[in-house]
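The values are calculated or read from the model by the stated rules, or taken from the named source; none is laboratory data. As the structure is a computational prediction, the values presented were derived from the model and not from experiment. Here Cβ is always computed from backbone atoms with ideal geometry, including for glycine, and neighbour counts include all displayed protein chains. Heads up: the accessible areas ignore ligands, DNA and RNA and are worked out on the full protein's heavy atoms, side chains in. Shrake-Rupley method; radii C 1.70, N 1.55, O 1.52, S 1.80 Å.
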Amino acid sequence: MTAETIETIDALMARYAAGTLPYPAHILVQSHLEITSTNRNLVAGLEELAAETLQDAEPQPMTDRAQRLSSIFGSTPPTEAIRRPSTSIFPTALRDFVGFDADEVPWRTKMPGFREYEMDVDGCHASLFWIKPGRKIPAHTHEGQELTLVLDGAFIDIFGRYGRGDISIANEAVDHRPIAEKESPCIGFAITDAPLRFTGPLGQRLTDILGA
């Protein structure tokens with residue numbers, strides 16, 4: 001997903017501010033910032049620092065000036081400039097990325113009590129997921145990086161509780177078994193750059209896959 005493993009939220013926010021995240025991961029962080037104010041000040045500070053660094057950089061001559069200006073003026077305004085008020089659980093950035101709203105997701109059932117909508121973009125596997133209340137996701141580890149943003153409901157794993165707007169970061173060092181809270185379904189947006197690998201005793205794996 002990046003040249004280096006992302007291990008903390010601060011590191012993820014720094015990559016976002018630097019513009020080095022793959023597009024789906026950028027959308028995940030942008031959606032997080034829309035939902036909650038938790039990291040907005042941090043990102044604003046990092047972006048201000050980046051702007052100061054750019055300002056101090058040695059000017060470089062512009063090539064193909066006319067073509068570049070034509071491209072700029074003919075481009076579509078960035079997503080940030082088109083924010084629309086919404087009561088949807090989908091933030092605008094995510095809704096624009098997938099092309100539909102929360103009540104229009106073409107879900108596919110992958111396991112009992114677990115639905116998913118998948119896409120591959122910019123070298124990443126991106127997916128929306130729906131987990132029924134109380135449903136256990138089979139224990140697994142990761143062959144790469146996994147970023148998960150909770151859009152509605154909540155899940156619990158070995159690191160604690162993740163509710164709306166929270167981001168879970170996992171990699172090959174993490175082996176967890178997320179469980180959706182019993183009060184309501186857990187809906188989220190996940191990004192991975194490598195397959196997951198099921199772990200745990202065979203009996204537990206079969207039980208979790210069947211949703212028993």
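Considering segment 2-22, and only residues there that are crowded, with 17+ Cβ neighbours inside 10 Å and among the β-branched types (Val, Ile, Thr), the residue that is modelled with the lowest pLDDT turns out to be Ile6.
Each row is one residue, and each column tells you yes or no for (1) open to solvent by 80 Å² or more (accessible area, probe 1.4 Å); (2) of a type outside the set (Gly, Ala, Ser); (3) farther than 24 Å from Ala190 by Cα; (4) modelled with pLDDT under 70.
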position	(1), (2), (3), (4)
Pro59	yes, yes, yes, yes
Thr76	yes, yes, yes, yes
Ser86	no, no, no, yes
Asp103	yes, yes, no, no
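All of (1) modelled with pLDDT of 65 or more; (2) closer than 27 Å to Asp166 by Cβ hold for Ala81 with one exception: (1). Within segment 166-212, the set of residues being in contact with a Pro (Cβ under 9 Å, 6 or more places away or on another chain), open to solvent by less than 40 Å² (accessible area, probe 1.4 Å) and in contact (Cβ under 8 Å) with a residue 60 or more places away in the chain comprises Phe189, Ile191, Thr199, Gly200, Asp208, Gly211. Count of segment 186-212 residues, restricted to those that are within 18 Å of the chain's Cα centre (by Cα) and either on the phi > 0 side of the Ramachandran plot or in a loop (DSSP other than H, G, I, E, B) (or both), is 3.
With respect to (1) touching a Ser or Thr at 6+ places or on another chain (Cβ under 7 Å); (2) modelled with pLDDT of 95 or more; (3) surrounded by 16 or more Cβ atoms within 10 Å (Cβ to Cβ); (4) not aromatic (Phe, Trp, Tyr), the lone exception for Ala139 is condition (2).
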